[in-house]
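*Asks:* Please find one structure pasted underneath; my questions will follow.
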Amino acid sequence: MKIGIPRAMSFYENYPFFYGFFKALGIDIVLSDKTTKKTLSMGASLVVTETCLPIKIFVGHVLNLIEKGIDKIFVPSIQSIEPKIYNCSKIRGLPDLIRNVVKKPFTMIEATFDKSEKNQGFYEFLQEIVGYFGIFDKNKIKEASKEGWKVYNNFRVMTNSGVPYKKALQYALDGKICLTEDTNEYPISIALVSHPYNIYDEKASMKIFDKLNKMGVKVYSALNLTREQMHEGLNTLEQSAYWANELEMTGCAGYYMKDQSVDGIITVTSFGCGPDSLMLERITRKSRQFDKPMLNLTIDEHTGEAGFITRLEAFIDMLYRKKRMLNFENADEQVMYQPNIKYIELSK
Ligand code: SF4
């Protein structure tokens with residue numbers, strides 16, 4: 001038994017769960033290769049131009065799995081994860097979209113998860129998935145889900161403690177756990193507010209974490225926060241959740257907005273994303289109220305890396321200057337905050 005999982009969309013958050021779950025049921029996982037220029041252009045060539053970048057990337061990953069000869073590919077339809085909290089129409093209709101653009105023979109594992117209209121439970125969703133493999137034993141499925149939660153919880157404990165994404169993922173998949181305390185000193189820290197598929201896909205984000213780290217910037221993201229902290233952030237901005245990914249955007253922005261140790265906020269949004277344009281507008285208004293500098297980077301398949309770097313450098317430079325000025329005004333001991341932006345390599 002083999003299942004193909006596209007390395008895109010909810011993969012970046014949920015893969016640890018499905019790794020533990022499928023492994024416990026004896027189902028082998030085949031992942032698509034990391035996103036490349038080819039993945040992107042193959043995906044983009046099949047959908048209308050207005051489609052957002054993450055969906056184009058997802059289509060490219062499905063094609064990559066078909067090229068690898070995988071005939072069962074996981075394309076769930078995540079409609080709603082909590083009552084009256086919905087995903088965007090592209091995520092909800094992902095199986096329909098794939099069916100209409102990928103005209104190649106394969107079986108799509110298109111289980112639906114809908115907490116609002118169908119009031120479906122998570123186990124029903126899991127049962128629907130493994131039904132494609134002829135597995136119907138409820139106890140077995142429940143036991144396997146416990147294995148999934150184990151891997152997922154270890155992953156989240158590590159990301160919450162500040163372990164970098166790639167390390168946390170690898171450790172969780174290896175069944176290990178590590179907690180780190182970052183003792184490095186960072187003159188500047190920022191919150192990177194975005195969906196995991198925009199910032200942890202190194203091709204889409206043009207390795208933004210590496211670029212910021214090279215500038216001496218400490219980077220926080222939604223994966224460093226618990227759900228409670230993100231709800232706290234939502235309350236801070238006096239917002240309520242409507243979109244399924246509202247917590248990782250508005251909640252995360254709100255939490256770091258009131259955190260005095262965070263110097264600025266960088267949002268990364270995909271061109272053509274409806275929910276992000278609404279959330280971003282509200283976050284931007286509130287950032288003025290909190291006097292928190294903010295930069296929005298919009299990405300699509302035409303985003304040039306040189307321009308991306310220039311905007312990052314200019315923003316970080318401005319944060320350094322702001323900090324320097326505050327330091328001159330307030331401190332007895334004057335520390336010079338100098339940006340380290342001599343040279344940032346273009347990613348390959
Ligand atoms: S939330 Fe935005 S970026 Fe994500 S799939 Fe929907 S439209 Fe695309």
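The numbers here are math on the coordinates, done by the rules we state, and not lab data. Since the model is a prediction, treat every value here as computed from it, not as a measurement. No Cβ is skipped: glycine too gets one built from the backbone with ideal geometry, and neighbour counts run over all protein chains shown.
*Asks:* Would you calculate, for the chain, the mean residue ellipticity at 222 nm contributed by helices, counting each DSSP H stretch of 4 or more residues as -39,500 (n - 2.57) and dividing by all residues, to the nearest 500? Don't skip to the end; give the middle numbers.
*Replies:* Working: 14 runs with 160 residues, N = 348.
Result for the chain: -14000 deg cm²/dmol, rounded to the nearest 500.
*Asks:* Moving on. Semi-axes, largest first, in whole Å: what does sqrt of 5 times each Cα gyration tensor eigenvalue give for the range 206-265?
*Replies:* Working: eigenvalues 105, 33, 15 Å².
Gyration-tensor ellipsoid for the range 206-265: 23, 13, 9 Å.
*Asks:* For the chain, what relative contact order do you get, as a whole percent, if you take Cα pairs closer than 8 Å and at least 6 residues apart? It would help to have the intermediate numbers written out before the result.
*Replies:* On the way: 566 pairs, mean separation 56.0, N = 348.
Contact order relative to length: 16 percent.
*Asks:* Remind me, relative contact order of the range 182-330 in percent, using alpha carbon pairs under 8 angstrom and six or more residues apart? All intermediate terms of the calculation are to be shown ahead of the outcome.
*Replies:* Details: 192 pairs, mean separation 37.0, N = 149.
It comes to 25 percent, rounded to a whole number.
*Asks:* Determine, for each peptide in 53-62, 166-175, 209-218, the mean count of other beta carbons within 10 angstrom over its residues, then list the peptides with the highest first. Please list the in-between numbers first.
*Replies:* Details: 53-62: 26.2, 166-175: 16.1, 209-218: 19.6.
Top of the packing list down: 53-62, 209-218, 166-175.
*Asks:* Can I ask one more? In whole Å, what are the Cα extents of the range 182-330 along the three principal axes, biggest one first?
*Replies:* 43, 36, 29
*Asks:* Same structure again: How compact is the chain by the rule of thumb for globular proteins, expressed as Cα Rg over 2.2 N^0.38 Å?
*Replies:* On the way: Rg = 20.9 Å, N = 348, 2.2 N^0.38 = 20.3 Å.
Scaled against compact globular proteins, the figure is 1.03.
*Asks:* Right, something else. What ranking do 184-195, 65-76 get when scored by the average of other Cβ atoms within 10 Å per residue, highest first? Please report the intermediate quantities before stating the final value.
*Replies:* Details: 184-195: 21.1, 65-76: 17.6.
The most tightly packed comes first, giving 184-195, 65-76.
*Asks:* Right, next: Where does the range 2-157 land on Rg(C-alpha)/(2.2 N^0.38 Å)? Intermediate values should be presented prior to the final figure.
*Replies:* Values: Rg = 15.3 Å, N = 156, 2.2 N^0.38 = 15.0 Å.
After normalising by residue count via 2.2 N^0.38 Å, the value is 1.02.
*Asks:* For the peptides 265-273, 141-149, what is the packing order when you average, over each peptide's residues, the other Cβ atoms within 10 Å and list the highest mean first? Walk me through the numbers on the way to the answer.
*Replies:* On the way: 265-273: 21.6, 141-149: 16.2.
My ranking of the peptides, most packed first, is 265-273, 141-149.
*Asks:* Over the range 2-157, calculate the relative contact order: mean separation of alpha carbon pairs under 8 Å at least 6 apart, over the residue count, as a percent. Spell out each step's value before the answer.
*Replies:* Numbers: 241 pairs, mean separation 44.6, N = 156.
Taking the mean separation of contacting Cα pairs over the length of the range 2-157, I get 29 percent.
*Asks:* Which value does Rg/Rh take for the range 151-207 over its C-alpha atoms, Rh per Kirkwood?
*Replies:* On the way: Rg = 12.6 Å, Rh = 12.6 Å.
Result: Rg/Rh = 1.00.
*Asks:* State the extension gain, in nm to one decimal, for the chain segment bounded by Leu173 and Met318, taking 0.36 nm per residue of separation less the distance between their alpha-carbons.
*Replies:* Values: separation 145, 0.36 × 145 = 52.20 nm, distance 3.95 nm.
Gain in length upon complete extension: 48.2 nm.
*Asks:* Tell me, rounded to the nearest percent, the portion of alpha carbon pairs in the range 51-132 spaced more than 14 Å apart.
*Replies:* Numbers: 2115 of 3321 pairs.
When all Cα pairs of the range 51-132 are counted, 64 percent exceed 14 Å.
*Asks:* On to the next question. Once the Cα atoms of the range 126-186 are picked out, what are the Rg and Dmax in Å?
*Replies:* Expressed in Å, the Cα Rg and Dmax of the range 126-186 come to 15.9, 54.
*Asks:* Once all Cα-Cα distances of the range 78-123 are split into 10 Å bins that start at 0, what whole-number percent is in each one?
*Replies:* Percent of Cα pairs in each bin: 27, 46, 23, 4.
*Asks:* State log₁₀ I(q)/I(0) for the range 1-44 at q = 0.13, 0.30, 0.31 Å⁻¹ as given by the Debye formula over alpha-carbon point scatterers of equal weight, solvent excluded.
*Replies:* Debye curve over Cα of the range 1-44, log10 I(q)/I(0) at q = 0.13, 0.30, 0.31 Å⁻¹: -0.33, -1.08, -1.11.
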